[in-house]
1. Over the stretch 20-165, what is the mean sequence separation of C-alpha contacts under 8 Å (at least six apart), divided by residue count, expressed as relative contact order in percent?
2. Let me know the volume per residue of the alpha-carbon convex hull for the stretch 14-71, in Å³.
3. Sum up the charges of everything whose Cβ sits under 13 Å from the Cβ of W144, counting Lys and Arg as +1 and Asp and Glu as -1, but leave W144 out.
4. Starting from the amide H of A126, placed 1.01 Å from N in the peptide plane, find each other amide H under 5 Å away whose residue is 5 or more places distant or on another chain.
5. Leaving out ligands and nucleic acids, note down the accessible area per residue over the chain with a 1.4 angstrom probe, in whole Å².
6. Tell me, what ³J(HN,Hα) does each residue in the stretch 109-115 have, in order and in whole Hz, if you take phi through Karplus 6.51 cos²θ - 1.76 cosθ + 1.60 with θ = phi - 60° and put x for Gly and Pro?
7. Checking the a/c ratio against 1.5 first, then a/b against b/c, what shape does the Cα gyration tensor give for the stretch 57-133?
8. Do the sum for the chain: with -39,500 (n - 2.57) for every DSSP H run of n ≥ 4, divided by all residues, what is the mean residue ellipticity at 222 nm, to the nearest 500 deg cm²/dmol?
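The values are calculated or read from the model by the stated rules, or taken from the named source; none is laboratory data. Bear in mind that the values here come from a model prediction, so they are computed numbers and not experimental data. Backbone-built Cβ (ideal geometry, glycine too); neighbour counts: all protein chains shown. Quick note on the areas: whole protein, heavy atoms, side chains included, nothing else; ligands and nucleic acids left out. Shrake-Rupley method; radii C 1.70, N 1.55, O 1.52, S 1.80 Å.
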Amino acid sequence: MKIFSYKKFKHGFTLIEVLIACTIISTSTFALMSASTKGIQLSAQALRQTQANMLLEEGAEAVKSIRDASWTNISGLTLDTNYYLTFNTGTNTWSLGTTATPSIDSIFTRTVVVSAVNRDANDDIAVSGTVDTRTKKVTVTTSWTLADATTSSKTLAFYMSDIFN
């Protein structure tokens, strides 16, 4: 009676071991590449979100600067209209206009909308009531287009008062 020898089947086992090793290496490489790609996408998204936040803050400070120059620069604006910020490098001043400005870094669009503010009988800000001509609600919006052609945006809303009169 002859017993099967391990040496007889050794060549076949080596081939199977090589195929399994190649499969494991390929799968690992694919997983690492997928994780790297997702990491780069998330990093780019975080960068855009951070840039949008900075543009919102800059927009709010620019509107405050315009208000500080003269309250009529704010109170004279048409309510609930999209305005665009422009910076004059000659005079180092901000201004608001209705003409759309070129996108920022060819990515972002920033708009400013000024709305009326109502006060109730307790002089609190309310949805309805008496219009407060010395307070306005300012909404700054920064929007951008994502890689998949969808638009994303961030908004910052705050109240602004005529603090100099």
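1. On the way: 201 pairs, mean separation 27.3, N = 146.
Normalised by residue count, the contact order of the stretch 20-165 is 19 percent.
2. Values: hull volume 1.7 nm³, N = 58.
In the stretch 14-71, the Cα convex hull volume per residue is 29 Å³.
3. On the way: positive: R48, R110, K154; negative: D105, D148.
Value of the local net charge: +1.
4. N118, R119, D120
5. So the chain comes to 70 Å² accessible per residue, rounded to a whole number.
6. These are the phi-based 3J(HN,Hα) values: 10, 10, 10, 10, 10, 10, 10 Hz.
7. Details: a/c = 2.68, a/b = 1.93, b/c = 1.39.
Verdict is prolate for the stretch 57-133.
8. Values: 2 runs with 64 residues, N = 165.
Counting only the DSSP helices, I get -14000 deg cm²/dmol.
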